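The structure under discussion appears below in the form of C-alpha cells.
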Amino acid sequence: MVAIRVGLLGYGGLGQAAGRLLAHKRELQLVAVADSKGYAHSGDGLDAVALEQAMRIHGSVGYLGTAGVLTSDPIEALLAQNVAVDGYFLALPNLPNTFMASVAQSFIASGWRGVLVDAIKRTSAVEQLLSLEDAFKRSGITYITGCGATPGLLTAAAALAAQSFVEVLSVRITFGVGIANWEAYRSTVREDIAHLEGYSTEQARSMSDAEVAALLESTGGLLKLENMEHADDILLERAGICARERVQVGGVVDTRNPQKPLSTNVQLTGRTFEGKISTHSFVLGDETSMAANVCGPAFGYLKTGVELHRRGHYGIWSSADLMPRFAH
Ligand code: IKT
C-alpha cells in the first residue's frame, strides 16, 4: 500500500492535533508542514513528536533539524520546493476573512496539482472559495471545503438525515466545546470572538493575548455564540437540501474546562412524503474533542478528494456535496 502524502498548513492547536492523529493512520503520511515562521518537509515522513518539540521549544516547525527552514513567507516557500504532496489540510485560521482564499490562489499560481481540504467556518469565506471554481478546474486542483466539525461532520450528518424527508424545514446545529486553556487554541478562540456582538474579524485578529485573557475573564471563560454567520447554511443550500435561512448555528465554548458544556448535536426537522413532521438528531459523544471532530473528518475528506483527483475530477465540492444528494 502506497500512503497518501499529506501536507499540513498551520501548526497551531489544530495543526498539531492533526499531526498527532496522522501518526495513527497507515494510509496517510505526513510529509510537509508549514506554520507562520517556517516549514519542514521530508519524503520519508515527519515525526509529529519532533515537530511539537520544535514548536514548544523554538516556536516554529522551521527549527526541525535538517528538514526545517525558517522563512518570512513559509507557504510560498514550501510551494516553491515542489514537494511531492498529494493533499494538504489547510488547518489555518481564516484571519483575515480572505486568508483561506488567498492561500488557495497561491496553490493555483504555483502550478501544484492535488487535493486541498479546509475546516473553514464563515459563509462569506466559502463564497470566496466557490468563486475560484473555474481556476481549480483549470489547475487540476480538487478542493473540498467545510470539512471540519461544523461545517463538516455535522453538515454531512444533516445531508444524510435529509434523505428521510421530501422537505427540510429546519437544521439546527448546536456545539459544545471544552478546552483546558485558551492558549492551546489562540487563533481558533480569536475566530470565535469575531462572532460575538461588537467584534469584527479584524478586531479579533488584532487583539493582544492580554486583551483576549481579559475578555475571557469577564465571561468566566465562556464564549456563547448565537445565530452565527456559518457556512453550513450555504453548503446545505448549495447541496439542494434547504434554503440557507432554515439553517441555524450556535454553541458554547468553555475555554477553562476540557469537558463539553453541552453535547454537540444537529437536529434536522422535515416533512415526510406521508405528511408527517419529524426530527432526526445526531449527537456527538461528549468524550470526543474538537480536535478529533475536526481533524478526523478533514482527513476522511482528504482521502475522498484523492480518489476524485485520481479519476480526473477537479473543481470545488463541500462536505455536504459528497453525500447522498437530495432529490426534489
Ligand atoms: C465555529 O464553528 O465557528 C466554532 C467551532 C465549533 C467546533 C465544533 C466542535 C464540536 C465538538 O467537537 O463537539 C470552534 C469552537 N471554533
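One-quarter of the Cα convex hull surface for the range 153-285, in nm²? Walk me through the numbers on the way to the answer.
Values: hull surface 33.9 nm².
That works out to 8.5 nm², a quarter of the Cα hull's surface.
Taking the Cβ of each residue in 302, 116 as the centre, tally the other Cβ atoms inside 10 Å and list the residues starting with the fewest.
302, 116
What residues have an amide H closer than 5 Å to that of residue 132, excluding those fewer than 5 places away on the same chain, when H is modeled at 1.01 Å from N in the peptide plane?
Placed amide hydrogens put nothing under 5 Å from residue 132.
What is the chain's relative contact order, in percent, from Cα pairs under 8 angstrom and six or more apart in sequence?
Once divided by the residue count of the chain, the mean separation gives 22 percent.
Which of 24, 280 has the fewest other C-beta atoms within 10 Å, and how do the rest follow up to the most?
So the ranking, lowest neighbour count to highest, is 24, 280.
Can you check what the net charge comes to around residue 190, using other residues whose Cβ is under 15 Å from the Cβ of residue 190 (Lys, Arg +1; Asp, Glu -1)?
Neighbour charge sum, excluding residue 190 itself: -2.
When only C-alpha pairs under 8 Å and at least 6 residues apart count, what is the relative contact order of the range 153-285, in percent?
RCO, the range 153-285: 42 percent.
Based on the Cβ-Cβ distance of residue 23 and residue 259, what FRET efficiency does E = 1/(1 + (r/R0)^6) give at R0 = 22 Å, to the nearest 0.05?
0.30
For 303, 137, 224, what's the fewest-to-most ordering of other Cβ within 10 Å of each Cβ?
Values: 303 18, 137 15, 224 12.
Fewest-to-most ranking of 303, 137, 224: 224, 137, 303.
On average over all directions, what projected area in square nanometres does the range 208-277 have, based on the convex hull of its Cα atoms?
On the way: hull surface 27.7 nm².
Seen from a random direction, the Cα hull of the range 208-277 projects 6.9 nm² on average.
Where the centre of each part is set by its Cα atoms, how far does the range 1-64 sit from the range 194-270, in angstrom?
28 Å
Work through the residues other than residue 63 whose Cβ is under 15 Å from its Cβ and net out their charges, Lys, Arg +1 and Asp, Glu -1. Mind showing how you got there, number by number?
Working: positive: 37, 56; negative: 35, 47, 52.
Computed value for this residue: -1.
What dipole magnitude, in Debye to the nearest 20, does the range 61-157 give about its Cα centre under +1 on Lys/Arg Cβ and -1 on Asp/Glu Cβ?
I would put it at about 100 debye.
Taking the Cα centre as origin and putting +1 on Lys and Arg beta-carbons and -1 on Asp and Glu beta-carbons, what dipole magnitude results for the range 153-285, to the nearest 20 debye?
It works out to roughly 440 debye.
Nearest-5 percent of antiparallel DSSP beta bridges in the chain?
Close to 45 percent.
Share of Cα-Cα pairs in the chain beyond 26 Å, in percent?
On the way: 24881 of 53628 pairs.
Of all Cα-Cα distances in the chain, 46 percent exceed 26 Å.
Step through the table entries 37/137; 121/224; 37/303, compare each Cα-Cα distance with 26 Å, and write down the pairs that go over it. Could you put the intermediate results ahead of the total?
Numbers: 37/137 31 Å; 121/224 16 Å; 37/303 28 Å.
Over 26 Å apart, Cα to Cα: 37/137; 37/303.
Every number here is computed from the coordinates shown, using simple stated rules; none is lab data. Just so you know, these numbers come straight off a predicted model, no measurement behind them. Positions of Cβ are backbone-derived with ideal geometry, glycine not excepted, and every protein chain shown enters the neighbour counts.
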